[in-house]
Amino acid sequence: MTGSKLADWISFFDSDNPIYVNARHRAVHARLVARSISLYIRRPGMRILDYGCGEAHYAGRIAEQCETLMLCEAAPHLRAALERRFEDNEKISVLSPEQAAALPDGSVDLIVMHSVAQYLTREEAARLFVLFRRLLPPDGLFVLGDVVKPEVSAGTDAAALLGLAAANGFFFAALFGLVRTLLSGYWKLRQQAGLTRYSEDEIKSALARSRFSAERAEHNLGHNQARMAYVAKPA
């Protein structure tokens, strides 16, 4: 996981940033993502890899439903915080990308990568898809969330956040948060580095080149239903 675009995004997320407008937003997000991931946990003994997990405030809920939950995070300070938070949870381990890449073939039953693909170049994403195909057994599952379509704008993302906020009691905090985001490094970085976008055909073709058979899920993980999620099986 190298390259200037990705390095810039990792640096941003490894710093104090305005992604969550307040504690309620963080809690609501964790609840929604946990509920979404739970839909793909087919049995209690599953080994799950959450690749690019971020703060992973939902991890405890997921760990209750599986045998092992591996949290992979590239941002070093964020990864250290995860290690401290989950050091007493025997079901949860925290990995660097290099450690995830060294996992044995077929050692993971479910891989989730949510809200990461947009920060990778297409070549970086393709390399990860190849890795995930190796890590999954024939009956494994890869869930790719928050794929950004070409027509989805920052305004669409903002509207999705405000809708979530209005339904969960933090609307005015979200308004303030959007202003803060516009003035933060996030907006500048989004304009400079951009987000990698895929049409439905493009993302399915990218997965197929790594020997996955993929279908669009009915719902995206989390709140933003203007973005897409895909469920991929080893072909």
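The values are calculated or read from the model by the stated rules, or taken from the named source; none is laboratory data. Model, not experiment: these values are computed from the prediction. With ideal geometry, Cβ positions are generated from the backbone for all residues, glycine too; neighbour counts draw on all protein chains shown. Accessible surface is based on the protein model in full, side chains and every heavy atom, while ligands, DNA and RNA are left aside. Shrake-Rupley method; radii C 1.70, N 1.55, O 1.52, S 1.80 Å.
Provide a single number: the residues in region 45-54 that are on the phi < 0 side of the Ramachandran plot and part of a loop (DSSP other than H, G, I, E, B). Count: 3. The sole residue among V28, V33 that is modelled with pLDDT of 95 or more, out of contact with any Phe, Trp or Tyr (no Cβ under 7 Å at 6 or more places or on another chain) and not in a strand (DSSP E or B) is V28. In this structure, does V130 turn out to be open to solvent by 30 Å² or more (accessible area, probe 1.4 Å), of a type in the set (A, V, I, L, M) and out of contact with any Pro (no Cβ under 7 Å at 6 or more places or on another chain)? Considered against the rule, which asks whether it is open to solvent by 30 Å² or more (accessible area, probe 1.4 Å), of a type in the set (A, V, I, L, M) and out of contact with any Pro (no Cβ under 7 Å at 6 or more places or on another chain), V130 comes out as yes. Against the definition (part of a loop (DSSP other than H, G, I, E, B) and either open to solvent by less than 30 Å² (accessible area, probe 1.4 Å) or not polar (S, T, N, Q) (or both)), how does R42 come out, yes or no? Spelling it out, R42 is indeed part of a loop (DSSP other than H, G, I, E, B) and either open to solvent by less than 30 Å² (accessible area, probe 1.4 Å) or not polar (S, T, N, Q) (or both). Taking the stated definitions as given, is A74 modelled with pLDDT of 95 or more, in contact with a Pro (Cβ under 6 Å, 6 or more places away or on another chain) and not basic (K, R)? Yes; evaluated as a whole, the condition is true for this residue.
When V179, V231 are checked against the criterion of being among the β-branched types (V, I, T) and in a helix (DSSP H, G or I), V179 stands alone in meeting it. The helices (runs of 4 or more DSSP H) found entirely in region 55-134 that carry 3 or more residues being within 28 Å of N224 (Cα to Cα) are 59-63, 76-85. Among the residues of region 18-52, what is the count of those that are among the hydroxyl-bearing types (S, T, Y) and more than 22 Å from E90 (Cα to Cα)? The qualifying residues number 2.
Report the residue count in region 202-225 for those that are closer than 23 Å to L164 by Cα and surrounded by 16 or more Cβ atoms within 10 Å (Cβ to Cβ). Residues in region 202-225 being closer than 23 Å to L164 by Cα and surrounded by 16 or more Cβ atoms within 10 Å (Cβ to Cβ): 6 in total. So, in region 1-21, of the ones that are open to solvent by 30 Å² or more (accessible area, probe 1.4 Å) and either modelled with pLDDT of 95 or more or not in a loop (DSSP other than H, G, I, E, B) (or both), which residue ends up farthest from G169 (Cα to Cα)? Here the answer is S4. A count restricted to region 195-224 and to residues that are in a loop (DSSP other than H, G, I, E, B) and in contact (Cβ under 8 Å) with a residue 40 or more places away in the chain stands at 14. The residues of region 156-201 that are over 21 Å from V116 (Cα atoms), touching a Lys or Arg at 6+ places or on another chain (Cβ under 7 Å) and surrounded by 15 or more Cβ atoms within 10 Å (Cβ to Cβ), listed by number, are N168, F170. Contact list please: Cβ distance under 7 Å, first residue in region 85-101 and within 22 Å of R127 (Cβ to Cβ) and open to solvent by less than 20 Å² (accessible area, probe 1.4 Å), second residue among the aromatic types (F, W, Y) and part of a helix (DSSP H, G or I), pairs at least six apart or on different chains. From residues that are within 22 Å of R127 (Cβ to Cβ) and open to solvent by less than 20 Å² (accessible area, probe 1.4 Å), there are no pairs.
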